[in-house]
Every structure is written in structure tokens, then in C-alpha cells.
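The values are calculated or read from the model by the stated rules, or taken from the named source; none is laboratory data. Since the structure is predicted, the reported quantities are computational estimates derived from the model, not experimental observations. Positions of Cβ are backbone-derived with ideal geometry, glycine not excepted, and every protein chain shown enters the neighbour counts. Each accessible area value is taken on the protein alone, full model and side chains, heavy atoms only, with ligands, DNA and RNA left out. Shrake-Rupley method; radii C 1.70, N 1.55, O 1.52, S 1.80 Å.
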Amino acid sequence: MSVCGAAGCRLIQSRSAVRRILQQNRTVCSKTTVSAESIREKLQVFTGGSVELQKQQQSGIAVLTVNNPARMNAFSGSMMLELEQRVCELETWTEGKAVIVHGAAGAFCSGSDLNAVRAIANPHDGMKMCRLPLISVALVEGRALGGGAELTTACDFRLMTSDGVIQFVHKHMGLVPGWGGAARLVRIVGSQNALKLLSGAKKVDPDFGKQIGLVDEVLHCSSGEGNALAHAEQWLSQFIKGPAPVIQAVKKVVISGRELSLDEALQTERSVFGTVWGGPANLEALALKPKHK
């Protein structure tokens with residue numbers, strides 16, 4: 001079952017999946033408002049694991065680690081709450097350029113702890129996660145299953161080690177992706193390939209992933225070697241050269257072009273342009289190239 005997804009994202013206002021759950025929701029069956037505090041209390045009951053965040057100030061790269069090896073890095077309830085906190089930290093990181101999401105102990109993520117899901121889930125719980133204004137990379141070591149597979153689609157890029165596997169196993173549990181994973185998958189690989197992956201629960205290895213456009217790069221290492229993160233950072237460096245405000249502005253205009261109508265995207269692009277025009281990076285570039293003044 002999915003841990004987090006992204007749908008109906010409002011530009012710049014990135015929110016975590018859990019934050020959306022914690023909003024008050026009116027269910028159709030009971031017609032009562034679900035208390036955000038009661039949902040938080042339910043999540044806290046299901047403990048175990050952690051979500052760790054390391055921010056590298058010099059490079060502007062953050063590393064978000066899903067750490068619950070005993071359950072193949074499945075999200076527990078307490079981890080869902082930690083994820084909210086970590087995303088909030090990244091939202092306000094002005095020096096940030098990118099974030100790498102990976103799992104501990106050579107595995108990516110197997111989704112969410114079904115015990116926690118049973119405690120909070122109903123058909124109207126909108127567990128939705130919007131993208132951060134940072135370039136995001138899913139580093140798939142080992143297996144990304146179910147909600148873990150959905151989590152990879154919430155990132156801008158997907159890197160795999162030579163032994164990595166992505167598999168949308170929802171069908172085997174009598175489910176479909178519930179929080180945006182299917183919609184994002186269609187955008188990434190097209191409707192035909194998405195149908196094959198979901199209806200066939202087909203395993204995606206690195207070669208097949210590159211063939212259909214789900215995987216951006218296959219790293220020349222395996223999950224057990226311990227150097228996948230360094231390889232991912234090296235690959236990512238080509239896209240984050242320059243000041244953080246400019247990298248974040250680039251990400252924002254790309255999101256607007258993808259998520260908004262043409263008129264709204266054009267308006268947002270002009271607005272974002274205004275935030276960097278005349279800024280330090282712009283002035284420095286103009287000073288170095290007088291012919292462009």
C-alpha cells in the first residue's frame with residue numbers, strides 16, 4: 001500500500017503525505033469530521049524505524065534515509081510523522097538544491113506497515129505528497145515494492161543499482177495505487193507501459209526500466225557495495241551547478257509547466273522570473289558577459 005503520492009499539487013506549497021492526512025477530512029459514510037489529533041495519536045501507536053535527514057551545506061544536497069530494515073524499510077506510523085517533519089525542514093532550507101531519497105541496509109522501501117494503514121485508512125483519506133522545490137532523486141538499491149514503487153515516481157529522477165528492482169505489487173493485495181502513483185506512472189512511462197506494470201505486477205529491472213523511461217540511470221555498483229550514494233551524488237552534481245535560488249527557480253517553473261494550465265504556467269513562470277532577475281547570480285553573470293547587458 002502506498003505511503004505517499006502526489007496529485008493536485010499547488011506550486012511551491014509542497015506538503016508531505018502525512019500533513020494532508022492530518023487535515024480534517026469529512027467521510028462520506030459517517031458525515032463526521034476526523035480530528036487531526038486523533039489521527040496523529042493512531043499513527044504514534046505504530047512505532048519502529050526512523051526517517052533520517054542529513055543536509056550537506058557545501059553541496060546543497062540532502063539525504064533522506066528511510067530506516068526500518070526489520071520490515072524492508074516499510075513506513076510505520078511514527079515514521080509517517082517523522083517524514084512530515086523532515087519535509088518541513090527541506091521546505092525551509094534556502095541553501096538546498098536537491099534531495100536524494102534512499103533506504104537503509106541495501107533496500108529502498110516496501111511501502112507502509114499495513115497495521116498503521118488499517119488504523120487510519122479509508123477511501124477518502126487523501127494521502128498526497130507534493131514535490132519539494134528541490135531536485136529530487138530516488139536511489140533504488142534492492143527492492144522498491146508497492147508504496148515504495150509509488151514513492152520513486154514522486155521523485156524527479158530514479159537511479160538504480162545493478163541489482164535494483166521496482167515492482168507495483170498492489171494487485172497481489174487486491175489494491176491499486178491510492179495516492180497518485182498510477183497517475184504519475186502514466187506521465188512517466190505512458191499509459192500502455194503503466195497498464196502492463198500495474199496489471200501484470202511486472203518486475204522492473206535496470207535494463208527494462210531504462211527502456212521504458214522509468215529509470216534515468218543505472219549505477220555501476222550493487223546494493224551491497226556501500227558506495228551507491230556517492231555514485232548518486234556524483235551523477236546529480238551535473239544538474240545542480242549554480243546558486244540554490246536559481247536551481248529552485250528552475251524546479252518551480254518545470255513543476256508549473258507540468259501541473260498547471262498553460263495560462264497559469266505562463267503567469268507563474270513570469271512570477272518566478274521576477275524572483276531571480278536582478279539577483280546576485282543574475283548580476284554576476286551579466287558582469288562576466290558585458291555583451292548581454
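Couple of notes before you dig in:
- Three-way shape call for the range 210-293 based on the alpha-carbon gyration tensor, with the a/c threshold at 1.5: oblate
- Cα shape, the range 138-290, gyration tensor, a/c 1.5 rule: oblate
- Long-range HN-HN contacts of S50 with modeled amide H, under 5 Å: N67, N68
- In terms of overall dimensions, the range 156-242 has a Cα radius of gyration and Dmax of 14.4, 46 angstrom.
- Accessible-area composition of the range 201-255, carbon plus sulfur, in percent [1.4 Å probe]: 52
- The range 141-257 - charge dipole about Cα centre, Lys and Arg +1 at Cβ, Asp and Glu -1, debye rounded to 20: 500
- Tail fraction, Cα-Cα pairs, the range 60-104, threshold 11 Å, whole percent: 69
- Kirkwood hydrodynamic radius of the range 246-292, Cα pairs, Å: 11.5
- Computed with a 1.4 Å probe on the full set of protein chains, the accessible area for T94 sits at about 100 Å².
- Local net charge near G213, Cβ-Cβ under 14 Å (Lys/Arg +1, Asp/Glu -1): +1
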